Amino acid sequence: TTASGAVVTVKNTSEENTKQAVAQLATVAGVSAEEAKTYSAAVAIDVSAAEAGDVTLNIAGIKAGDAVIVLHKCSVHGWEKLPATVGNGTITVAFHNYSPVIIFVKAGAASPKTADAGITTAAAVAVIAIAALAVSKKKFA
């Protein structure tokens, strides 16, 4: 839940959203096409809540210092890169609204179980691991 008690829900996103994010990775994230190839879509989910804020996702295999890019399909701006903080087993993302989110992990960063298992399996693992969503309210200008 959010700081004010709003419920946050997480589910798998569509394969089409994942394909769009993969196609937009270099442009939206500001990395070269060559650099974009070193990232794989490890988690593909839809996040929704009644208010904006920071969402901490529990994701097995992620550790502090891993290179991660979070792309979000904003209903206003289209695909955008969101700032994220990576911890041991967590990624905290600041949302200004909610919708599909694709988390890309640089090759060799996450454990093989997370990064190499494929998008569908990794998303399912993430949804199960997200049983404990920690959300804190954050004001946006």
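Identify, please: which residue in the range 73-91 is of a type in the set (Ser, Thr, Tyr) and in contact (Cβ under 8 Å) with a residue 12 or more places away in the chain and is, among those, surrounded by the most Cβ atoms within 10 Å (Cβ to Cβ)? Steps first, answer last, please.
The first filter runs over the range 73-91 and keeps only residues of a type in the set (Ser, Thr, Tyr), leaving 75, 85, 90.
Now drop any that are not in contact (Cβ under 8 Å) with a residue 12 or more places away in the chain, which leaves 75, 90.
Details: Ser75: 9, Thr90: 18.
Ranking the qualifying residues of the range 73-91, first place goes to Thr90.
Could you say whether any residue in the range 25-32 is of a type in the set (S, T, N, Q), modelled with pLDDT of 90 or more and assigned to a helix (DSSP H, G or I)? Spell out how you get there, then give the answer.
So the first thing to find is which residues in the range 25-32 are of a type in the set (S, T, N, Q), and the list is 27, 32.
Retained after the next criterion (residues that are modelled with pLDDT of 90 or more): 27, 32.
Still in the list and also assigned to a helix (DSSP H, G or I): 27.
Among the residues of the range 25-32, at least one is of a type in the set (S, T, N, Q), modelled with pLDDT of 90 or more and assigned to a helix (DSSP H, G or I), which makes the answer yes.
Going by the conditions given, is Val28 open to solvent by 30 Å² or more (accessible area, probe 1.4 Å), in contact with an Asp or Glu (Cβ under 9 Å, 6 or more places away or on another chain) and touching a residue at least 12 places away in the same chain (Cβ under 8 Å)? Quick ask: steps written out before the conclusion?
Values: open to solvent by 30 Å² or more (accessible area, probe 1.4 Å): yes; in contact with an Asp or Glu (Cβ under 9 Å, 6 or more places away or on another chain): yes; touching a residue at least 12 places away in the same chain (Cβ under 8 Å): yes.
Spelling it out, Val28 is indeed open to solvent by 30 Å² or more (accessible area, probe 1.4 Å), in contact with an Asp or Glu (Cβ under 9 Å, 6 or more places away or on another chain) and touching a residue at least 12 places away in the same chain (Cβ under 8 Å).
Inspect the range 63-72 for any residue being over 16 Å from Ile103 (Cβ atoms), without any contact (Cβ under 8 Å) to a residue 60 or more places away in the chain and not in a strand (DSSP E or B) and give the result as yes or no. Walk me through how you get there before you give the answer.
Filtering the range 63-72 down to residues over 16 Å from Ile103 (Cβ atoms) leaves none.
No, that holds for no residue.
Go through Thr2, Thr56 for me and flag whichever is at pLDDT below 95, over 14 Å from Phe104 (Cα atoms) and touching a Lys or Arg at 6+ places or on another chain (Cβ under 8 Å). Show your work before the answer.
Details: Thr56 fails: touching a Lys or Arg at 6+ places or on another chain (Cβ under 8 Å).
Being at pLDDT below 95, over 14 Å from Phe104 (Cα atoms) and touching a Lys or Arg at 6+ places or on another chain (Cβ under 8 Å) holds for just one of Thr2, Thr56, which is Thr2.
Kindly list, by first and then second residue, each pair from a residue in the range 95-108 that is under 17 Å from Ile59 (Cα atoms) to a residue that is among the basic types (Lys, Arg) and assigned to a loop (DSSP other than H, G, I, E, B), limited to pairs with Cβ atoms under 9 Å and residues at least 6 apart or on different chains.
Ala107/Lys37
Output yes when any residue across the range 48-60 is of a type in the set (Asp, Glu), more than 13 Å from the chain's Cα centre (by Cα) and open to solvent by 20 Å² or more (accessible area, probe 1.4 Å), and no when none is.
Let us first name the residues in the range 48-60 that are of a type in the set (Asp, Glu), namely 51, 54.
After this cut, where a residue has to be more than 13 Å from the chain's Cα centre (by Cα) as well, the list is 51.
Checking which are open to solvent by 20 Å² or more (accessible area, probe 1.4 Å) leaves us with 51.
So far as the range 48-60 goes, yes, one or more of its residues are of a type in the set (Asp, Glu), more than 13 Å from the chain's Cα centre (by Cα) and open to solvent by 20 Å² or more (accessible area, probe 1.4 Å).
The values are calculated or read from the model by the stated rules, or taken from the named source; none is laboratory data. This structure is a prediction, so every number in the text was calculated from the model and none was measured. Cβ atoms come from the backbone with ideal geometry, glycine included; neighbour counts cover every protein chain shown. Surface areas here come from the heavy atoms of the whole protein model, side chains and all, with no ligands, DNA or RNA. Shrake-Rupley method; radii C 1.70, N 1.55, O 1.52, S 1.80 Å.
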